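Contents: one structure, followed by commentary.
Read-outs throughout are calculated quantities, based only on the coordinates presented, and are distinct from any laboratory measurement. Just so it is clear, the structure is predicted and the values come from calculations on it, not from any experiment. Here the Cβ is made from the backbone with ideal geometry for all residues, glycine too, and neighbour counts use every protein chain on show.
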Amino acid sequence: MQLTGEENLPVSQAQAWEALNDVEMLKRSITGCESLTLVGEQEYEAVLAVSIGPVKAKFRGRLKLTDLKPPSSYQIAFEGQGGAAGHGKGEAKVWLETLGPAETQLHYSVVASVGGKIAQIGSRLVDMAAQKMAADFFAAFNAALRDRYAVAPPPPPEPMKPLGRRLLDWYLGWLGRIFTGKV
């Protein structure tokens, strides 16, 4: 399985780096995370309750941060066992890019493999579950960043006009261009 993406964070690169290395903040942001404990230099043990399709399991695993380049990037090697549900193993690369004084883009690239019952449910379901976990993490992580650094939430999107009103606006605009000769 491969998963890549990017997420805009509403804080500076230094603040993003600090938050990405805050165990309690990460624990609160990871859906199903029951514990995340530092057990060595840049090495963590984690316990996650995970549901992937019909398979539900408690995974116990280890994460090790390597190739640290504060405040820009690091790599994560991870592996976990979920008993009869199966196991997973992989690597992730995470890097930050400054977009402005209070905006940072986080990029990530994950390569992972699973085995056991999880592998039997199909790669499409596993990929969808991984994408949902990433989306849930970033929603919670962004909310935690806004709380920690007192960042205002993004404005809600403008409500979309009903289809009939949009068609009428387009038609009237089209007529106006025809009669004014600005086609």
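At-a-glance table
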| quantity | calculated |
| --- | --- |
| Sparse-neighbour loop sites [chymotrypsin sites (Phe, Trp or Tyr not before Pro); the stretch 119-178; at most 16 other C-beta within 10 Å; DSSP] | TYR149 |
| Cβ-Cβ FRET estimate between SER109 and GLU158, R0 fixed at 41 Å, reported to 0.05 | 0.75 |
